[in-house]
Amino acid sequence: MKLATIGVGNAGSKLIDRMLEFEQETGRDLCRHVLVINTARTDLAKPDHVPEDRRVLIGDTHQKAKGHGVGGDGEVGAEVAKNDIDEIRRVFDDVEIHEVDAILVAAGLGGGTGSGAGPVVIDELQKMYDEPVYGLGVLPGEYEGGRPALNAARSLQSFVTKVDNFIAFDNDAWRSRGQTVEEGYEEMNRELATRIVTLLAAGEVDDSDVGENAMDSSDIMRTLDTGGVSSIGYASTDLDKPEGLLSKYKKKEDDEINSMDAAKIKGLVRRAVNSRLTIPCEVSSADRALIIFAGPSSMISRKGIESAREWLEQEADTVEVLAGDDPREDSDTLAAVVLLSNVTETPRIKEIQNQAVDAQNKIKELDAVREEEIASLITDDDNELDPIV
Amino acid sequence: MKLALFGVGNAGTRIVDQLLDAESRTDRPLTDGNVLAFNTTPSAFADTSHIDDERQVVIGDIHPDVSRPEDLADESGEDRREGVAGDPELGVEVARDDLPEIRRALDLVDDTEVDAAMIVAGLGGGTGCGLGAVLLEELASIYELPIYVLGVLPTSEESDRRAWTAARAVRTFVPLADAVFPIDTESWLASAESDDYDELNRAIATRLVSLFGAGERETAAISELRMDPNDLKRTLDVGGLATIGYAETELEEVSEGWYRRLRRLLGLDVPEREPQTDAVSIKNLVQRAADSKLTLQCDIETADRVLLVLSGPPKELSRKGFETGRYLLEDKTGTVEILAGDEPLPEGSRITATILLSNVTGVPRIETLQRRAVEFQREQDDLSASDPDDLSAATTLSTSDTQRSAGNQSTGDDQSAGDEQPPSDDHGFDFQEAELVDQSEADSEGESTSSEDETEEEPTPADGDTADDDTAATESESTGDGSAAENEPQKQ
Ligand SMILES: Nc1nc2c(ncn2[C@@H]2O[C@H](COP(=O)(O)OP(=O)(O)OP(=O)(O)O)[C@@H](O)[C@H]2O)c(=O)[nH]1
Ligand SMILES: Nc1nc2c(ncn2[C@@H]2O[C@H](COP(=O)(O)OP(=O)(O)OP(=O)(O)O)[C@@H](O)[C@H]2O)c(=O)[nH]1
């Protein structure tokens with residue numbers, strides 16, 4: 001697939017940057033257009049792989065933003081993006097849309113810019129183009145607290161109704177101990193980039209001959225066609241590990257023998273589905289599913305693909321399962337990536353919504369009494385002291 | 001966040017001087033030189049070391065009621081009261097008279113370079129309260145910036161008049177400013193080794209610079225969760241009183257051991273040093289900051305919004321500790337409006353946690369202050385009611401710091417006649433006025449406090465949906481494509 005990718009806010013921009021890094025490292029060519037949009041000037045300096053002229057600061061003339069972010073407030077994020085919509089549209093104009101199959105918008109839903117400006121950007125894209133627009137959204141962890149949960153719960157509604165499919169990433173599921181604030185997201189972002197690029201880059205190997213089982217962009221798009229929230233599973237295996245240093249020599253001759261048997265291929269897919277999904281979900285609640293094997297085509301037997309597909313059909317309890325390969329002849333790993341499209345049983349989303357409702361109630365309570373409390377605090381009981389000016 | 005700082009009176013001037021000192025010591029360019037100090041007492045400028053002469057502005061020096069140093073040559077100690085000598089109304093008057101002077105000085109500050117302005121003053125001082133109030137009005141009318149006030153509260157050992165002045169200052173400043181940071185001198189001086197202000201002023205400066213200066217260091221690494229100026233602004237947006245908590249952990253200075261040195265000499269990889277902290281110690285640090293002596297002691301459960309900044313070497317800042325620390329704050333304060341950020345200081349030798357609590361309302365100190373002020377005002381009223389002409393009676397009771405001014409009021413009556421306030425024979429300390437303000441007028445005054453925050457809870461950012469509807473939009477509509485089910489199974 002060929003993508004136009006747009007990162008909104010800090011998390012969204014970092015994710016796009018990691019996707020670019022991963023595709024460069026693995027010789028893929030997925031992201032044909034890149035753009036990052038932020039309300040904070042400092043955050044725009046973070047990406048390593050996004051060209052300077054593809055970084056857009058919005059809201060720098062907005063009284064509440066002024067290039068310093070939106071203070072985690074989704075409403076301000078949305079307002080700022082709406083105000084600068086002309087500017088955003090102008091940068092989109094550069095995107096030669098006939099070159100791409102779809103547009104991907106990445107954002108952290110807990111932040112003000114991601115949650116607020118994200119949906120505004122998507123609205124605009126949907127208006128301008130016929131191509132599907134997908135969302136890649138990071139959901140905040142429970143420990144981030146009520147405000148991010150509220151941003152995310154509200155923004156999720158906007159995202160899901162506006163995009164053609166929403167691929168979710170749950171920060172909670174990927175939280176790990178022993179990391180610093182600095183490196184914490186790094187690893188997660190890499191993991192997510194690996195999954196999303198491996199999935200979407202399938203069907204984009206120009207020069208090599210297209211294998212018989214090769215997955216096509218239209219298959220991926222068809223699977224995503226369900227709308228709703230989707231989750232991705234991933235597993236990979238090193239191909240030359242057991243043989244050690246000599247593997248490079250041996251590989252060529254032994255290709256036939258080395259080709260993994262069906263059981264191993266199926267095992268890899270089972271591992272992908274049972275591993276940490278981008279958002280934990282009930283696999284059987286998926287509407288459609290898709291498996292892509294990325295690696296040397298000689299490694300992937302047709303029989304293996306078929307048995308993996310049948311297994312997933314059972315697991316996901318749907319007959320809409322596609323499976324195919326993405327030939328990467330030079331790769332020394334074989335990866336299986338599984339897309340579970342429109343999963344409806346995702347406990348984290350329920351939790352975030354509950355946390356958000358609590359948060360919103362607390363905020364309303366405070367708003368209701370705020371002015372009164374300040375006035376009574378600064379005034380003595382009988383209001384005998386008067387202001388000096 | 002870049003701040004323009006305005007020190008008013010002796011306390012304000014000294015604290016701003018300390019702030020500038022902390023700014024240069026910690027290498028966080030907070031003000032970029034946008035600083036002014038206003039005083040009615042030129043001599044107070046003598047002990048400052050970081051404020052340029054042209055930025056030290058003397059106000060009211062030609063006003064007949066203002067005592068000049070030469071008038072006081074014979075006085076000493078408590079009696080030696082220069083300037084407006086503790087009289088806030090005189091402070092207001094001289095500031096109004098000298099507004100052109102004040103405006104001229106304001107030209108030295110570039111408000112387009114800063115994110116907010118902050119007035120620093122002793123609220124119990126005649127200058128701090130009076131000139132401070134006029135300056136606040138002025139800044140509010142010319143700047144499109146949030147304006148904060150850092151105001152020192154008097155201790156119980158200080159005169160009742162100071163308490164009365166401070167209580168009125170609180171009443172005046174809070175509605176006019178975007179947020180007020182009162183400094184609870186009482187609880188700070190009680191535990192200080194000496195009772196001079198240095199230690200307190202340093203503590204104030206440390207807290208303010210850690211909070212407002214976070215991320216301003218030019219060489220700082222880009223942080224993962226940077227505090228933007230708008231994060232601070234949003235936290236303080238609710239108005240009212242704000243307070244700061246602070247805690248730090250010193251890191252051990254580890255000298256390089258033979259093993260590492262050898263590896264380095266041999267050009268081998270030097271293993272990463274183990275961090276000295278972990279999730280638990282970071283969480284504990286946040287806990288300590290929340291439990292620390294706040295700049296204004298209060299019931300933290302009454303806080304409206306909270307902001308947490310963790311500063312230190314990035315490898316010491318455990319993310320889990322950071323997150324649990326933030327969660328702990330949500331638990332302790334009962335608010336969900338908590339923003340948290342980090343400030344990576346790779347060369348730092350300590351980790352600090354700074355917590356801003358905004359719009360705290362459970363503040364016993366303010367209530368005590370008001371009670372004392374009301375009592376003082378009633379006494380004054382009784383005195384002037386029973387014996388309106390006996391000036392000396394009033395001044396005797398109102399402790400020593402008024403005596404100087406009383407003795408100096410030869411021309412005072414004519415002056416106050418020109419004031420908008422009803423003329424008084426009490427040298428501008430007009431307590432009867434208090435009663436002139438009737439309840440309804442004062443109430444509407446109180447309501448005008450609310451001017452700030454009228455933004456209503458809007459529905460979902462980009463469209464009209466509301467979020468309190470907790471049925472999962474995703475679930476209900478995601479299955480939308482009904483035709484999918486009817487499609488033939490796709491066989492590969
Ligand atoms: N997975 C992941 N999540 C991140 C990353 N950075 C931030 N987040 C999450 O994203 C949310 C914050 O969103 P950001 O993108 O940082 O904020 P923003 O959208 O730029 O908005 P403001 O900073 O409020 O203006 C929080 O829920 C974070 O946990 C990241 O690099 N990776
Ligand atoms: N924290 C702190 N408080 C101070 C300092 N100097 C004075 N104060 C307090 O601030 C209040 C006002 O005192 P000043 O600043 O001296 O008074 P002023 O505003 O200059 O006005 P005058 O009454 O005219 O002298 C008093 O309650 C003092 O206790 C200081 O350096 N630090």
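Listing for the model above:
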quantity: Accessible area of segment A:3-200 belonging to carbon and sulfur atoms, whole % at 1.4 Å probe; calculated: 42 percent
quantity: Chain A, accessible area per residue, ligands and nucleic acids excluded (1.4 Å, Å²); calculated: 37 Å²
quantity: DSSP bridge orientation in segment A:3-200 - percent antiparallel, rounded to nearest 5; calculated: 5 percent
quantity: At least 40 Å² of accessible area lost relative to the chain alone, listed for segment B:146-176 with a 1.4 Å probe; calculated: B:Arg168, B:Arg171, B:Thr172
quantity: P(r) weight above 35 Å for chain A, C-alpha pairs, percent; calculated: 30 percent
quantity: Net +/- balance of residues flanking B:Leu241 in space, Cβ distance below 13 Å, scoring K and R +1, D and E -1; calculated: -2
quantity: Whole-number accessible area per residue in Å² for segment B:102-247, which is evaluated in the context of all protein chains at 1.4 Å; calculated: 28 Å²
quantity: 12 Å beta-carbon shell around A:Val133, net charge (K/R +1, D/E -1); calculated: -4
quantity: Sequence-distant residues sharing a close amide H with A:Val56 (under 5 Å, placed H); calculated: A:Val36, A:Ile37, A:Asn38
quantity: Highest average packing first - B:196-203, A:187-194, Cβ atoms within 10 Å; calculated: A:187-194, B:196-203
quantity: Hull shadow area, averaged, segment B:252-391 [alpha-carbon convex hull, nm²]; calculated: 13.2 nm²
quantity: Rounded to 10°, Cα long-axis angle of helix A:262-274 versus longest principal axis of chain A; calculated: 10 degrees
quantity: Exercise: per-residue mean of other protein chain Cβ atoms within 10 Å, A:351-363; calculated: 4
quantity: Those residues of segment B:293-328 for which accessible area with every protein chain present is at least 40 Å² below the isolated value (1.4 Å probe); calculated: B:Asp304, B:Pro314, B:Arg319, B:Lys320, B:Glu323, B:Arg326, B:Tyr327
quantity: Over segment B:140-294 - Rg/Rh using Cα atoms and the Kirkwood inverse-distance radius; calculated: 1.11
quantity: For peptides B:299-312, A:344-357, B:141-154, sequence by mean Cβ density within 10 Å, most packed first; calculated: B:299-312, B:141-154, A:344-357
quantity: Between B and A, accessible area buried - total, square angstrom, nearest 100, 1.4 angstrom probe; calculated: 9000 Å²
quantity: Sites B:Leu251 and B:Ser43, calculated FRET efficiency, Cβ-Cβ separation with R0 60 Å, nearest 0.05; calculated: 0.90
quantity: Dimensionless Rg ratio for segment A:3-200, taking C-alpha atoms and the 2.2 N^0.38 Å reference; calculated: 0.93
quantity: Percent of beta bridges antiparallel (DSSP, chain A, rounded to nearest 5); calculated: 30 percent
quantity: Built amide H within the under 5 Å cut-off of A:Leu136, gap 5+; calculated: A:Val105, A:Ala106, A:Ala107, A:Ile167
quantity: Long pairs among A:Lys264/A:Lys350; A:Lys162/A:Lys362; A:Lys362/B:Lys315; A:Lys2/A:Lys82, criterion Cα-Cα beyond 32 Å; calculated: A:Lys264/A:Lys350; A:Lys362/B:Lys315
quantity: Kirkwood Rh, angstrom, segment A:113-200 [1 / mean 1/r, Cα pairs]; calculated: 14.2 Å
quantity: 10 Å Cβ neighbours from other chains, averaged over peptide A:90-101; calculated: 0
quantity: Helix A:112-128 vs. chain A, principal-axis angle (Cα, 0 to 90°, nearest 10); calculated: 60 degrees
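The values are calculated or read from the model by the stated rules, or taken from the named source; none is laboratory data. It should be emphasised that the depicted structure is a prediction, and the values quoted were computed from it without experimental measurement. Backbone-built Cβ (ideal geometry, glycine too); neighbour counts: all protein chains shown. Calculation scope for accessible area: heavy atoms of the full protein, side chains included, ligands and nucleic acids excluded. Shrake-Rupley method; radii C 1.70, N 1.55, O 1.52, S 1.80 Å.
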